[in-house]
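These notes concern the structure reproduced below.
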Amino acid sequence: MNTKVQIAGVELKNPVMTASGTFGSGMEYSEFVDLNKLGAVVTKGVANVPWEGNPTPRVAEVYGGMLNAIGLQNPGIDVFMERDIPFLEKYDTKIVVNVCGKTVEDYLEVVEKLGDSPAHLLEINVSCPNVKEGAIAFGQKADYLYDITSAIKKKAKQPIIMKLSPNVTDIGEMAKAAEAAGADAISLINTLTGMKIDIHKRKFVLANKTGGLSGPAIKPVAVRMVYQAAQAVKIPIIGMGGIANGEDAIEFLMAGATAVAVGAMNFINPYITEEIIAEIEAWVTENNPKYANRIIKQLKSFKKTNGLDDSFDPYKAAYSSMPSHAAASPAIQQMYINGHFCYAFKFGIVTNGLGIVRHISFYNKDFLESHPEIIVGKKSDSPDEDKSLADSKALVPTLKDFFQKHPLINPKTFLGDAAFDSIGIYKYLLQETSFEKVYIPLKNKLKIEGIDYVVNDDGIPCCPHDASLLMKREGSKSHLRSGLPTMKFVCPKMKWEWDSIAKKTKRVCHCDTPCTASSCGRMIYIYPEQNLRAYPGTIRGTREWDSTYKVRVNVEKSINHFKDSFCVADRKTQNEKTLHADLLLAGITQLITVMAADKLHRHQYIRSLKPLIA
Ligand SMILES: Cc1cc2nc3c(=O)[nH]c(=O)nc-3n(C[C@H](O)[C@H](O)[C@H](O)COP(=O)(O)O)c2cc1C
């Protein structure tokens, strides 16, 4: 799985870094974390001379995170170069040195000394809220930020990342100033200024009174700022602030970050960075819809170009690269094989026009076994069958189960989307069930064998010489066994005119290029019995069609409501049974709502439990 990213020409093996000040220089964590696995190690801020930091107490736990007022305590660049850089150099990871200072000259001195070091990137901290002079001031005024960035850029041998403060009004403006001054990347957010008071002692908890807030509590602010910065600049962004798991990291990447850094959570769980890397990899793998197909293709061409014999089986090789949870669950494994993992657990819901659930079918092994008529074709030379069930194949068996369980329900109108537009489905619905009208939009233009005219999306035949002219529908009495009226269409240029000799009206075709020798003009009949698709008991494109089809909105809403409930929407589970249970519970909840609303005579709330309870 490739999760490499590039920051200013430096390639990181994955997008996960440590956040400065929360991981020392890596040494303290090396017994928990394999540093080789990290995208980069970002060191604690280092200044030109040693800094003592602030008086204690300087950290405090708060709801959802922590406050710190360490004050950038550090041993100074000389000790750092001698002690920390050689340690980090032993690892196959990228080294990012975080630089702090009180004046521009302080920063420049450190940057200059790091010039010939093996550091890959320099992160310039202009945003620490816990030091009295310098630092934060640079990060809070766009013109100061511009000046310090351009001064450092001129001196630095490595690409520079400007670390921005969240304690500003307009983060976009700050990001733009850094970019304009030549920053190669930006990172954000540093901590938010916070405070904690011990109400029993009536004292500030931190000796510094204020401290920087970090941890999950700041994540929404951080995501928002990363997003705003990403809208404002083109340079890469390293996002951080409260990242506690792989999904948090993905959220930052989606907001526009190229890489992420993990800070305060290292103190809670020292293994967290490695765990997040694994979670990102699993997420990327699982959300790649053509995962197995792509790998199989690559391995096949690998076999060919390297002239390998049949002892190399691309399928076996591809399956062995699936994540272990996929191999452990036959259902998920099957979905990898099918190439659309996102639909690992497919199900069908039958609702009435109000969107109230009547039936749920789970398209699993049991369903396929109880419906041997479903033939799922083999797509390729794969040793495994493609057992994916198309919507159109699932409908008839689902309805068969439904009608068998509910013989007293005899619906007259079917509403479905274009996925169900197949001849077999119209036949089943109109000839084997109680449905009299079937509202299914056409998937493709209606094809009727052996005709010289086209039929438009609404099923109306068009003039053979000019497809933009629709033939005119003429009502006709039914002479068919089914009682369905024959569909008769006449030439659009035909008019009924009075024949004074015959003393009656007759058809006269006024076409200059007639497509028939008849003076009445062309007539086209579509026989519903022969083509239920053309006339599914109703006419496409009419007002009746449009107003009835609108009812599907209820159904869509209801289905989305189902998907939102429990773990269905976000696939939080990889367990088929849990998902089934959740779905059934969602259905039961909906039905109880209907019954309660009915008993209380509050029919307007049949679809929404919350206002009903209120
Ligand atoms: C104890 C502590 C020390 C920190 N020291 C530094 C530092 O030296 N330089 C810096 O740029 N950021 C420093 N930070 C800020 C973090 O790198 C990070 O930007 C911030 O904590 C938000 O991420 P988090 O919520 O994942 O911790 C420090 C944060 C903490 C909690």
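Below are the figures for this structure:
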| item | result |
| --- | --- |
| Residue in the range 508-526 that is among the aromatic types (F, W, Y), touching a residue at least 40 places away in the same chain (Cβ under 8 Å) and either out of contact with any Pro (no Cβ under 7 Å at 6 or more places or on another chain) or part of a strand (DSSP E or B) (or both) present | no |
| Qualifying residue in the range 240-252 (condition: touching a Leu at 6+ places or on another chain (Cβ under 8 Å), assigned to a helix (DSSP H, G or I) and open to solvent by 30 Å² or more (accessible area, probe 1.4 Å)) | no |
| Long-range neighbours under 8 Å by Cβ, at least six apart or interchain, first residue aliphatic (A, V, I, L, M) within the range 540-559, second in a loop (DSSP other than H, G, I, E, B) | V551/G353; V555/G353; V555/G355; I559/G355 |
| Residue satisfying all of: in the range 179-211; of a type in the set (G, A, S) and closer than 19 Å to I238 by Cα; farthest from the ligand (Cβ to nearest atom) among these | A180 |
| Residue count for the range 40-71, restricted to those that are more than 9 Å from the ligand (Cβ to nearest atom), within 24 Å of L121 (Cβ to Cβ) and not in a loop (DSSP other than H, G, I, E, B) | 3 |
| Where S20 falls short, out of the listed (1) more than 13 Å from the ligand (Cβ to nearest atom); (2) among the hydroxyl-bearing types (S, T, Y); (3) in contact with a Ser or Thr (Cβ under 8 Å, 6 or more places away or on another chain) | (1) |
| Selection within the range 72-82 - more than 13 Å from the ligand (Cβ to nearest atom), assigned to a helix (DSSP H, G or I) and not aliphatic (A, V, I, L, M) | D78, E82 |
| Residue in the range 100-113 that is modelled with pLDDT of 95 or more, within 16 Å of the ligand (Cβ to nearest atom), closer than 25 Å to A69 by Cβ and within 41 Å of the chain's Cα centre (by Cα) present | no |
| Residue count, the range 233-242 (criterion: free of Cβ contacts under 8 Å to residues at least 60 places away in the same chain and within 12 Å of the ligand (Cβ to nearest atom)) | 1 |
| Residues within the range 159-178 that are open to solvent by 10 Å² or more (accessible area, probe 1.4 Å), in a loop (DSSP other than H, G, I, E, B) and either of a type outside the set (S, T, N, Q) or modelled with pLDDT of 95 or more (or both), tallied | 3 |
| Members of the range 3-19 that are touching an Asp or Glu at 6+ places or on another chain (Cβ under 7 Å) and of a type outside the set (V, I, T) | K4, A8 |
| So S214, is it among the hydroxyl-bearing types (S, T, Y), within 10 Å of the ligand (Cβ to nearest atom) and in contact with a Ser or Thr (Cβ under 7 Å, 6 or more places away or on another chain) | yes |
| Checklist (1) out of contact with any strand residue (DSSP E or B) (no Cβ under 7 Å at 6 or more places or on another chain); (2) without any contact (Cβ under 8 Å) to a residue 40 or more places away in the chain; (3) of a type outside the set (A, V, I, L, M, F, W, C) applied to Q73, failing item | (1) |
| Strands (runs of 3 or more DSSP E) wholly inside the range 184-228 containing at least 2 residues that are touching a residue at least 60 places away in the same chain (Cβ under 8 Å) and open to solvent by less than 20 Å² (accessible area, probe 1.4 Å) | 185-188, 210-214 |
| Matching option when the condition is under 25 Å from K113 (Cα atoms), modelled with pLDDT under 95 and either surrounded by fewer than 23 Cβ atoms within 10 Å (Cβ to Cβ) or more than 14 Å from the ligand (Cβ to nearest atom) (or both), among K132, K153 | K132 |
| Answer residue from the range 253-268, given it is assigned to a helix (DSSP H, G or I) and over 12 Å from L188 (Cβ atoms) and is farthest from the ligand (Cβ to nearest atom) among those | M254 |
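The values are calculated or read from the model by the stated rules, or taken from the named source; none is laboratory data. Fair warning: this is a prediction, and the values are worked out from it, not measured in the lab. Here the Cβ is made from the backbone with ideal geometry for all residues, glycine too, and neighbour counts use every protein chain on show. In case anyone asks, the SASA skips ligands and DNA or RNA and just uses the protein heavy atoms, side chains included. Shrake-Rupley method; radii C 1.70, N 1.55, O 1.52, S 1.80 Å.
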